[in-house]
Structures are given as C-alpha cells and as structure tokens.
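Below: the structure, in structure tokens.
The values are calculated or read from the model by the stated rules, or taken from the named source; none is laboratory data. Computed from a predicted model, the values in this text were never measured in an experiment. Backbone-built Cβ (ideal geometry, glycine too); neighbour counts: all protein chains shown.
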C-alpha cells in the first residue's frame, strides 16, 4: 500500500444480528479492497449429524431468533422431499402466512430499527432533512421507530394464531401445519392484517399498499419523491437523493431467488436468476461451496451441498472467516428482497436493476415494495383457508435418502440439504442468505457480493468506522448467526 494507504478493521457492528468484522484497505479516501469476516463458529450442521431427521424441525430454528420460521420451513421442505409428500392446501396457505408474517416483520424492523437510525446521527446534523430524520428515526426514541415496533408486535399475532408461538415454532411440518384455524381465527387474522395495513399506510407509505406495489419505474419513484405523500418512504427517498445512495454499494448485479410462497398456480414470487439483463432458470445442482478462504477443511475443490462438510481446520493459516463461499455455476450471486423482486419481474425492481443495479437505495426500496406486495397477498390467503379441510398430510421417513428444501427468508435464498443413512442424518448442510451475500473470496480470488459492494466506498478523514461502510453493510440486512449456523 502507498504512504497514503491504511488498513481499518471495522467491527463489531451494532444493529446487526450476530458477529461481523470487516477489514478494509483504504487509499485516497476510498475503500480499495474489503475482506468480510464472520468470526463466530457455532456448528449447527454438526449438531444435527447422527440424529433422527425430524430433529431438524426442533434444532434448525434455533440457529436464529429473528428468522427461525425460515429455518423451520427449509427443514420441513427437506423432510417433505425425503417422504415424497406435499402439504395439504390449508397447510400450504397457513405456511405461507406464517413465513410471510415473519418476513414482513423483518422488513419493518430492518427499515425502522436497523437501517434508518444511521441518518439520525450527528454526522448528518448539517443536512436539511436531519431534524426530521432525528424526530422519526433516532435509535429507540424516534416516533416512527416506536410506531414500527408496535406494528411489528401486531403482525406477530398472526404467528400466535397459526404457529402457536414465535420464535422456534413446531407448527411447520413436512405435510403442512399442526394447528388448524376456525372461522373466528380467520376473522382475527383479517383484523390483525387490517391493523397492520392501516399502520403502514399511515406512517411508512402515506398511501394505500396497492399504490406502492404498483410503482413501475424510476420516473414513478422520482415523482413520489417530489410530490408523493409525506411519509417515512418519501423521507428516505429525499435522504437517498441527497447522499447519492444509488451510487453506493453496487455489487455483481447477479440476482438469485428460489421463489417464494407457492400458490394453487405458481408462486407469488417466481424463482430463478437474473444477470446481464436476462432471466434464467436456477439449477440447484449447480450450487457449490468453496472453502478456500474459510477456516474449514476441504479446500481441495468446491463441494456440492450433499457432499459438503463443516469441519473446522485447526491448522488453518489462509482463511479469514467461518463463512464458506457459495457459488452458482462458479459465480457469486446476490440474494434478498431486491433480488427476489427483480427475479419475480416487479417493474420498479427490474427498472432499477437495469438503470443502477443493486445498491444501498435499491435494496431498501426492494424491501419496502415487497412488504406492501406481501401484505396484500396475505389478506387473500386468509380468505382461502377452509377450517374443516385437512391441515397436514402424513408421510413416512425412509431409512436411506437425500433431499433439499429451498425457501426464501426475508434476507433471501435459504437452502437445507440432508442425507439420511440407516434412518439417521449422515450429512446436513445449510446455505443461508447472508452466506451468499457475505461470502469470502473463492479459489479464483473472486470476492463475494458485500466485499465487492464495499470497494469504492468513501472514507472521511479520521473515520475509524466509516459511515458509508455501515450503510452498505446494513443495506444487505445481514444475519450473521445464520451465516455460519
């Protein structure tokens, strides 16, 4: 590095779930290279080995207390694959509602509690929007922060009614759900969703959910910024314009989604890949994990998840993280709400991807648009429930077999791969959304999405934890405890 260059080690990060450390090489006021480390190894995949496959429904959700339903769902799907069964229609709809409630709650929490409080910090005291940002988003005190926490609590009543508890519910099973809902429960669910809709329309959007879901391009978004309803969304758009957040945090612009919320005909959000302006299919057989810079044994070649391992390397000298490097057909991919909406063809997301790619602004917009779209769908799903129809199909686990379960958590693509031998789990591998997004370099030296997104980030004179870096990191909404399980 030149005489002007320096190295920063940033971490731990507050308002991030779990442990995260980022090493930055800085020169001429910009990040020149970044190395993202997940410093905590937990070993859930090893814990699962040798157990009854159904134990995954108990153990896997404990990976995380924020997105435990997503882990439950992936485990249930893997078991369904082993048993060769599909959920009943009621089970499918109830599972969608349970998963969607957690995902929308996560989007609400991320925007108000994890992301926006950064703009209420004194570093921005000279900006014209600062007083409003501080009033709404000051950590633990802002009016919008307090209101969002109350809205989130209301939304989680959906989980109470359908899942019995949250987190770590046992309601999700291979064939559906364990708990039925009667006509009175349906009315309670509709009332709950109506209350959440009213809250979000009043403060977050300032307009009906349908208007947010219908945003169809950059021009429509700019019109909302200039003349839209006074709301948290419009304030964010003003802040993003002033700070040029659309030019911050661009990664590879390769997007991945497994598809979310199966319906009677197709999924609410179709799965696939989107890269180079082209929508493509997703072949799970093309997914591998590279251990070259992970503190794991097995660096000789990338591993398909069914043949993967999670063995810490005590003699390691090359690795800088416990996170493996997932690749699809050898390439890194970004996942998350924005990626999900791009792949699914939401017009605004597609327009932003074509115009400016994934960046701090577009990732946040992706979550806000998705929250509106998903809540609308949830209202329809409640009406589909048939209290007197079956809620769970029954199956039998084989003594030998392998299967995977692919779902979409709030933060993106989540997959569980299980191999059963003699009726017990022989291998279990999990690739979480933040494992994709925060992956280290692979054997070819190609950095993961966050490592790429941090390059070029401005570093102010005297900063030891650059605010631009914090914006980029939080735009991915990382869950580090899921990253290395």
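Entry remark, the stretch 59-86: residues being under 19 Å from the mean Cα position of the chain (by Cα) and free of Cβ contacts under 8 Å to residues at least 40 places away in the same chain number 0 in total. Among the strands (runs of 3 or more DSSP E) confined to the stretch 244-344, the ones with at least 3 residues that are within 30 Å of residue 46 (Cα to Cα) are located at 254-257, 287-290, 325-328.
Scan the stretch 379-389 for residues that are closer than 16 Å to residue 264 by Cα and part of a loop (DSSP other than H, G, I, E, B) and the total you get is 3. Considering the stretch 99-123, the residues that are more than 24 Å from the chain's Cα centre (by Cα) and in contact (Cβ under 8 Å) with a residue 24 or more places away in the chain include one that is surrounded by the most Cβ atoms within 10 Å (Cβ to Cβ), namely 121. Meeting the requirement of 1 or more residues that are closer than 30 Å to residue 466 by Cα, the helices (runs of 4 or more DSSP H) wholly within the stretch 19-113 are 89-109.
Within the stretch 167-174, at least one residue is surrounded by 20 or more Cβ atoms within 10 Å (Cβ to Cβ) and touching a strand residue (DSSP E or B) at 6+ places or on another chain (Cβ under 7 Å). How many residues, within the stretch 125-141, are free of Cβ contacts under 8 Å to residues at least 60 places away in the same chain and either under 17 Å from residue 468 (Cα atoms) or out of contact with any helix residue (DSSP H, G or I) (no Cβ under 7 Å at 6 or more places or on another chain) (or both)? The qualifying residues number 6. On inspection, residue 96 qualifies as touching a helix residue (DSSP H, G or I) at 6+ places or on another chain (Cβ under 7 Å) and either surrounded by 18 or more Cβ atoms within 10 Å (Cβ to Cβ) or more than 29 Å from residue 390 (Cβ to Cβ) (or both). For the subset of the stretch 345-366 comprising residues that are part of a loop (DSSP other than H, G, I, E, B) and at negative phi, which member is farthest from the chain's Cα centre (by Cα)? Ranking the qualifying residues of the stretch 345-366, first place goes to 346. Can you confirm whether the stretch 42-58 contains a residue that is closer than 30 Å to residue 186 by Cβ and under 23 Å from the mean Cα position of the chain (by Cα)? Checked against the condition, which is being closer than 30 Å to residue 186 by Cβ and under 23 Å from the mean Cα position of the chain (by Cα), the stretch 42-58 yields at least one hit. Of the residues making up the stretch 290-328, those that are modelled with pLDDT of 95 or more and touching a helix residue (DSSP H, G or I) at 6+ places or on another chain (Cβ under 6 Å) are 323, 326, 328.
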